[in-house]
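These notes concern the structure reproduced below.
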Amino acid sequence: MLKFGIKSAILGSAVYYTVDKGVWKDSAKTNELYEELEKGMSPYVGELKKQIPYELPPLPSNDRLTYLFKYYWNCGVKATFTFLVDLPTHTSNAATKSYNYISAALEPVEPSPASSQEKAK
């Protein structure tokens, strides 16, 4: 519970700070805040880059992101409608299997001839 409280406090603080600074207002204000942050952080980031010899790969272009988003969105839509088209078949199969299982469970068990002979002795 304490862990959840700490995470909630950090998230709440981050949201409050961004709202207070105007990040969620118009894009001109957001761009201005980004430039201020970049100016303030650039000496530290430059120093950090010298210490860590790791380069991040470039982000994909907007065209690539747009294509990927459309592709995966369409895959999701196709999968959803395939599921909906097959739903009656799956439902009837499940109902038939359930009926057969319940019918088999409710049928009386006939005693085998060997067990009736043992009872007669």
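The values are calculated or read from the model by the stated rules, or taken from the named source; none is laboratory data. Treat the numbers as computed from the prediction; the structure is a model and nothing was measured. Here the Cβ is made from the backbone with ideal geometry for all residues, glycine too, and neighbour counts use every protein chain on show. For the accessible areas, the whole protein counts, side chains as well, though only heavy atoms, and no ligand, DNA or RNA atoms are used. Shrake-Rupley method; radii C 1.70, N 1.55, O 1.52, S 1.80 Å.
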Accessible surface of the chain, 1.4 Å probe, proportion on carbon and sulfur as whole %: 65
Chain lengthening between V45 and K97 when straightened (0.36 nm per residue, less Cα-Cα): 12.4 nm
Plugging the Cβ-Cβ distance of V19 and T82 into 1/(1 + (r/R0)^6) at R0 = 35 Å yields, to the nearest 0.05, a FRET efficiency of 0.25
For segment 8-54 and segment 89-110, distance of Cα centres in Å: 62
Tilt of helix 2-21 relative to the longest C-alpha principal axis of the chain, in degrees (0 to 90, nearest 10)? 40
Taking Cα atoms, the helix 27-51 axis meets the longest principal axis of the chain at an angle in degrees (rounded to 10) of 90
Using 0.36 nm per residue of separation minus the Cα-Cα distance, give me the extension gain between K7 and A28 in nm, one decimal. 4.5 nm
Using a cut-off of 23 Å between alpha-carbon atoms, which lysines can reach K39, once sequence neighbours fewer than 8 places away in the same chain are excluded? K21, K25, K29, K49, K50
Ranking request for peptides 40-51, 13-24: highest mean number of other beta-carbon atoms within 10 Å first, then the rest in descending order. 13-24, 40-51
